[in-house]
Each structure stands twice: as C-alpha cells, then as structure tokens.
Amino acid sequence: MSTPNGFPQHSRACVTRSTEGGAVQDLQAKKAGKAAKKEVGGNGRLPSEGPLSAATPVSETLKLLPEELKANMKMKSITLRPPPKPRLERAASLDEKSWRRWRRFRTSQESLTDPSELSSSNGSLQEASPSPPTRSRASPCQPCCQQNSSHSSPDTSEIVGKSRGNTSDLGKRASEISSAFGGLLRGKAFAGGKPRLSQIMPARPLPPMELHVASPTLRTANRIDSDCVDYRHYSQHKSGRVSTRLHGSGMGYDSCSTDSMKSTFSLLTPIQAKDVRSRSYMEGSILASGALLGAEELSRYFPDRSVGIFVATWNMQGRKELPLNLNDFLLPTDPVYAQDMYVIGVQEGCPDRREWEIRLQETLGPHYVMLYSAAHGVLYMSVFIRRDLIWFCSEVECATVTTRIVSQIKTKGALGISFTFFGTSFLFITSHFTSGDSKVNERRLDYNKTIQALTLPKNVPDTNPYQSSASDVTTRFDGVFWFGDFNFRLNKDRETVDSILNQNPDTDVSKLLVYDQLTNEMSRGSIFKGFQEADIHFRPSYKFDIGKDSYDTTSKQRTPSYTDRVVFRSRYKDDIQAVKYSSCPVIRTSDHRPVFALFRVKLRPGKDNIPLAAGQFDRELYLIGIKRRITRELQKRQEQKDQKSSSICSIF
C-alpha cells in the first residue's frame, strides 16, 4: 500500500538508514524527533498532512520515533511530500558553488581505474563530518528497508544508485543534490569540525620518475678529456649492448643506473658475463667481439688506427758521464704530444748500461714502462711504451749479429728486437757498421750479413708469410725501423764541406747531401732495399769536439758527415709516415749528436692466437726511475726556496 506521493506505508515505525548519509544522520534524527513531539495528537498519531522540514533528506522515508511514542504504535499512514524550494535562492546558490568546488576537488583526486578507490557522495560527506554511532535497533528493519528501497521513487533511487555506483555521474547530479540539501548545507553540516579529505589518488598513472641522483658535476668528474661522450649515447650508437642488456633482463633502465655505469666504464667497453665465462682471450678472430687484439679494442685505444713512435740513435763514444738532462733529446718541444712508443738504440754505450736505462725511465716519467731491453756488446736498445698499452703486445724476441771477423770483439754488429702490437708486427734494428771514409763495400757486406743472419721472428707468427723471404729478415714484418751509426761519409774534402756549412748555417743542407754515400747507395739499390729516409734538415751529426759545437779541430781534421741515420720500411704502402727528423745539438758529451725521428704508423687488428707478453715490464727499473724523479723535483724546489730566502735582506 502506498500513499498518493508514492511512498510506501508501514505497519510499524521503521526507518531506512542510508549507509551513505552519515554526514547528516544525527541532525536529521534530532529534527525528526522534535517535529514528531510537536505534531503528535492525543491518540498518538502523526498528521498525514503538512509540509516536511527543508532539512528532511530524500534518501530517508521515515525517522525512528522517540521512546515515549513507542507505546502508541497504532498510527495512521504517513504521507510525505517533497521538500519545497529553498526560500533564499542566493544562499542556496552560494552553498551550491561551495559544494561543487569541494566535490570537484574530491573527485579529481580519486582514481578512476582502481575499483577499491571508488566512493560515493554520501561516503564523502560521511568522511567530512563525524559519523553517528550505529544503532542496534535499526538492524531488525533491514529486510523491510531493502523492500522499501526497491519501491522508492525513481528519482531518489536513480540519484542514490548512481551516487553509489559511478563516481563520474556525481558531477551531473550535483545541482539536484545541492538543491535538495541546500538547507542542510546552510545549517550545521560542517559544524562538527574541519572536513577530513580522503586519501588523494592520481586520476591516471603517473609517468615513471627519472632517478637522477647524480648532479652534472659529479657525472662529468670522471671524464679525462673533452672528447669523452656521454655513456648512454655511446652505448646506444656504438654498440647498443647496454640498453639491450638492461631491458632484456627486466632490470630498471634509468639515469641512475646509467650514471653509475658511466662512472665505472667512462672509457672501457663493458664486458658481458657470458663473454668472461666463455673466452680465454688466447684464441679468436680479428673481428670477434671481445677479442683482446681485435678491431673493437683497437678502435677504442686508437680511433684513427695510428700509433706514434719515437726512434733515436746515438753513438755515446763509450763515455762514462751522462748528460744531466735528456728532456731535449727524448721530449722535444716541437711536437705538442708525447709519443706512444720510444725506441732508443746506442752504439759504443756507456759502461754502466743500467744507469743509462734508469736515466731514460726517469726522463719519460711514470706514464711509460720499459717493455724490453737488450745488449750486444756495447750495442744497447731499450723499448719504452705507455703503461696502458702493454697488454696488447706479444712476446718480445731478440737476435744479434756480429759483423767483425773476430766475433769476440762486439763493437760492430747489429741488434734486433721484434714484437707484434695488436695485428701489426714491428722490427727494430740498431747497427754499427764498419768505419772509414772509403769502406763503402764493407758497409754493404755488414748490411747483407745482418738481413740474412738475423733470425726473427722465432715464436711469434708472421702476420703475412706470403710476402716474407727467408733471405731477408726485413720482409717478415709490417714495419721495420733500422737506425744506428752506419758510418757513411761525405765524399768531399773538409774545406768544401766547411764552406757549404758556413754559407747555409740553418737548414739548407741539400748541397751536402749530393756527396752523401748512403743517399747514393740507396738510390742505386745496393743497400737498404725497399727502405726510405725522411728529408734531412739538420747539420751533420759527426764529428764534434767533446763539449763544443765545433767540428773536429784535431790534426786528423775529419770531414763532417751524416753517419747517424734512421731509415724505415713498410710492408704496405704509406703505412709509415715520417713526422719529424732531426738531431739534438744540446747534448755534447760525445763526438756524435743524437739523431731521432718521429713516425705515425698505421695499425691493424690482430688475432688472439699469438703468445702475449701479458703486461710484463721492468718493475724494478720503473720504481727506481720514479723515485729519482721525485727526489730531483724535491731538491729543485728546495734550491728555489733557499735562493729566495737568501736574496731577502732585512733592515732594522
């Protein structure tokens, strides 16, 4: 049975408690009780007519009666009417704006994707104001309330159902709810305290955060030069292995991990764990990934695939005293950068060979280590290389040849050292040929005996055996540097040579080279076949007075000559380029001036099937040389300090 207004009629007092109306339940209950006391008649019945208070909510049909009315349970049907329009339209519109503003803030923070975060408008009001305690007497009426809710008006059920089920429809029904609850909102809805908002959730999933824990200063602190590119770009464009590895394995790929990898692998290419497990680094192909001597490793250390080599020769005349400073000899000021490899050959070396090697190490400093040194009588040769390149060298092999008839006297002969660097094989020979102005044939014999008797290589395989010859050792290597005191002279008298030198005191020595024996023999092909020599722009290196810049002033009056030379041969055309060819006139402890040459040599990748030197170098020599270098620097600073203190005068 229903009333004309469409609300069901109950046989007893029953209330439909909306679980979502927690924000206004206490206030509604109090107002309903007061209204019932005023309007109840003598027979204990409620009037069927009369307007409802503006505070009566739509979602509730009846309110529980006070305790004193329980005795009179026989009552007439209750007729409910919809609430009239609020009298103050302006006040209602203001509350409506406040309601919309508060609901828009509440709804914008709710997650539309997580069902567990959905909430209704009544639930929001319940959180906004203190909720009344749940009444135990309302529980027996739940079946009746559920039945009543099924017979409720369409408007009410639609509003309540949508407010429960879909959060997005709240915005559409905001005006209806606010007009219905206008009086309540203008009253004491929020008198209980400040609104307590629910947990703020994003409307959509947030983008992944970039864990950038390293500042640009820290991320660039490990860069040793300006050419070092960012590791992420390097890994993506160069090899692409880092990003593939991180994404493929499920690891997080963010800037934090990239920065940490960059600080660890600023220059070195990262090595995969499976490569470390499977490879022994003693076998492999040229293009194999991770090959120690392969193309990838070569390009990382030498992007232009060329190495700088310093080659020098000096006849020390057996002098015991050594120059105080070798910087002008080993580190000339013309080239801006030092070379990657230093090879120094000495003829008639000083008696203390170890002292000479220590002086070389002291001059080159801690950036270089002595890869190998050998001696044949008074012929010395030392090979220094940058300390971070020692891992790419093969075993160093050595061979000697004596050119004198009496083999026990080892003042004339040849000393050869060979090794492979990456995939390029090198041979360095220092020689002391027969002396004498007219002994050109003997010097040719010395040359021929050397190329035939020098047994190299021994264990290191030939990089190109198809172009090698058993009768010429120089054909078995990619790059050959032959230097020493060849003793070839100028076929001209002393007066003519002096007049030419006086006319051209600087660099024009082309008129002297016309009379050079070695130049003429090489042009005829009788000696140093296939070899080249850079253009000469320095004065003759022989023969000087000891400690002076003047040529021989003794009774012999020897003709100045270019006895000390550096020649080179390349298996492949244009693989060796001469950069500088000069002498060191400031070193005057011998009658010969040191002669040196700078080269740029093209490198090729190699195979890992060669016997490696495994980073061997003379550790004891390195420590002694560095200690001397530090001691010398401390002494120099102390001398400067003493000089400054002694030059100060105090006047009292």
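The values are calculated or read from the model by the stated rules, or taken from the named source; none is laboratory data. It should be emphasised that the depicted structure is a prediction, and the values quoted were computed from it without experimental measurement. Because the Cβ atoms are built from the backbone with ideal geometry, glycine has one as well, and the counts that use them run over all protein chains shown. Accessible surface areas use protein heavy atoms only, side chains included; no ligands, DNA or RNA. Shrake-Rupley method; radii C 1.70, N 1.55, O 1.52, S 1.80 Å.
Going residue by residue through region 448-470, is there one that turns out to be part of a strand (DSSP E or B), open to solvent by 10 Å² or more (accessible area, probe 1.4 Å) and not aromatic (Phe, Trp, Tyr)? For region 448-470, residues part of a strand (DSSP E or B), open to solvent by 10 Å² or more (accessible area, probe 1.4 Å) and not aromatic (Phe, Trp, Tyr): present.
For region 351-395, filtered to residues that are in contact with a strand residue (DSSP E or B) (Cβ under 8 Å, 6 or more places away or on another chain) and among the β-branched types (Val, Ile, Thr), the residue that is nearest to Arg619 (Cα to Cα) is Val369. Residues that are of a type in the set (Lys, Arg) and touching a helix residue (DSSP H, G or I) at 6+ places or on another chain (Cβ under 9 Å) were ranked within region 535-584; the one that is farthest from Ser306 (Cα to Cα) is Arg558. State which residue is nearest to the chain's Cα centre (by Cα) when the search covers only region 489-504 and only residues that are in a helix (DSSP H, G or I) and in contact (Cβ under 8 Å) with a residue 40 or more places away in the chain. Within region 489-504, the match that is nearest to the chain's Cα centre (by Cα) is Leu501.
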